[in-house]
Every structure is written in C-alpha cells, then in structure tokens.
1. If you restrict to DSSP beta bridges whose two residues both lie in the chain, what percentage is antiparallel, to the nearest 5?
2. Quick one: Karplus J couplings for segment 85-102, per residue in order, coefficients 6.51, -1.76, 1.60, θ = phi - 60°, nearest Hz, x for Gly and Pro?
3. Collect residues whose amide H, placed 1.01 Å from N in the peptide plane, falls under 5 Å from the amide H of THR12; neighbours closer than 5 in sequence don't count.
4. Could you tell me whether segment 83-155 comes out rounded, prolate or oblate from its Cα gyration tensor? Rule is a ≥ b ≥ c as square roots of the eigenvalues, rounded for a/c under 1.5, then prolate if a/b exceeds b/c, otherwise oblate.
5. Once the piece of chain linking ARG47 and ALA95 is laid out straight, how much longer is it, given 0.36 nm per residue of separation minus the C-alpha distance between them?
6. Once the Cβ-Cβ distance between ASP39 and SER1 is put in as r, and R0 is 25 Å, what FRET efficiency do you end up with, to the nearest 0.05?
7. Return the label of the correct value of percent of Cα pairs over 29 Å apart, as calculated from the structure shown, out of (i) 26; (ii) 16; (iii) 30.
8. Per residue of segment 146-155, in order, report the coupling 6.51 cos²θ - 1.76 cosθ + 1.60 (Karplus, θ = phi - 60°) as ³J(HN,Hα) in whole Hz, putting x for Gly and Pro.
Amino acid sequence: SAGDCLFVPPGTVHACGDGVLLLEVQQSCDITYRVYDWDRVDGKGNRRELHVEKALQVIDWGARPPVLHPARRPDALAPILSCASFDMHLAAVEAGIELPPLPLCRTGTVVEGRCLLAGAGARLELSCGDSFVAPAGAGFSLQAGPAAVVITTIR
C-alpha cells in the first residue's frame, strides 16, 4: 500500500509488481541473485542471467519482513528504521525542518509533494521523485512544503 516501508535483509526473496513505484535504499553490494526476471529482454533481445542454484543456497525461507509505518509529525523527522548500514527517517515538511551538519553523508528523496532544499547559500526546488546528496559536514533545511522526504544517513 502507499507509504508502506519494508526492511528486506539479505537472503530475503523480494519482487515488485506492476504499477508499483518504490524507493529502494540499499547498502553497497555487488551480489544479486535473480531467481526469475519476468522474461524481460534488453534492446538486443537478450535475457539477464538467472542464479537459481546460488539463490537456493542463501535464501532465508523464514523471512517475513514487517511493514513499517512512520508516524508523521509536521516539521519533524520520524524514524522509519535503523540497520547496520544506514538510518532512515521521514521528514514531513510543512514550514521547514533544519538538519544540522553530521559527520556522515545523507541522502534524501521527495516521495510526496514539493519543497525547497536550502544550504550553503543556495536554494533548490524539489518535486516528488527528486533526490539529493548532502555530504558529510553539510547542514541544510527543507522548507515550503507540503512534502514528505525520506532522509537516509549512512553509518
């Protein structure tokens, strides 16, 4: 359903159906095991490689990720989830939210509405689907909503 958040740990089989728009935040990893690819082909008619045998060795058959729903608080950050690689929050922007500098990189994606990103003397209009990166040590604010922005802080 719209607004659902799932934490999908390694070894969890997952897929997305037709008509679903999602934001996937993940740790850096160079391994993907495809067990099926819906018979998709590239521009030359080639299908992507499947990895059924390897996948069967690492699937967590008992995995049942919970559906998470952050509590929206106007002009505040609401925790969505924390894991070993990142923390994720939902910023419900109305008038504005200040995000102070951190020693770690942050990313953001507008998942609903429009807002302004302001920092270091610059302002940037953001719309649903737009993403940004705030480098370590950079503070910024999100202003002039309404908007919902997923903020992820790298650990």
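The values are calculated or read from the model by the stated rules, or taken from the named source; none is laboratory data. All values reported here derive from a predicted model rather than from experimental measurement. Here the Cβ is made from the backbone with ideal geometry for all residues, glycine too, and neighbour counts use every protein chain on show. Please note that ligands, DNA and RNA were not included when accessible areas were found on the heavy atoms of the full protein model with its side chains. Shrake-Rupley method; radii C 1.70, N 1.55, O 1.52, S 1.80 Å.
1. Counting only bridges with both partners in the chain, antiparallel ones make up about 100 percent.
2. With the stated coefficients, segment 85-102 comes to 9, 7, 10, 10, 10, 10, 9, 9, 8, 10, 7, x, 9, 8, 10, x, x, 10 Hz.
3. Amide H to amide H, under 5 Å and 5 or more residues apart or across chains, THR12 pairs with ASP60.
4. oblate
5. Contour length minus Cα-Cα distance gives 12.5 nm.
6. Numbers: r = 27 Å, r/R0 = 1.09.
Computed FRET efficiency for ASP39 and SER1 comes out at 0.35.
7. Checking each listed value against the structure points to (iii).
8. x, 7, 10, 10, 8, 10, 10, 10, 5, 8
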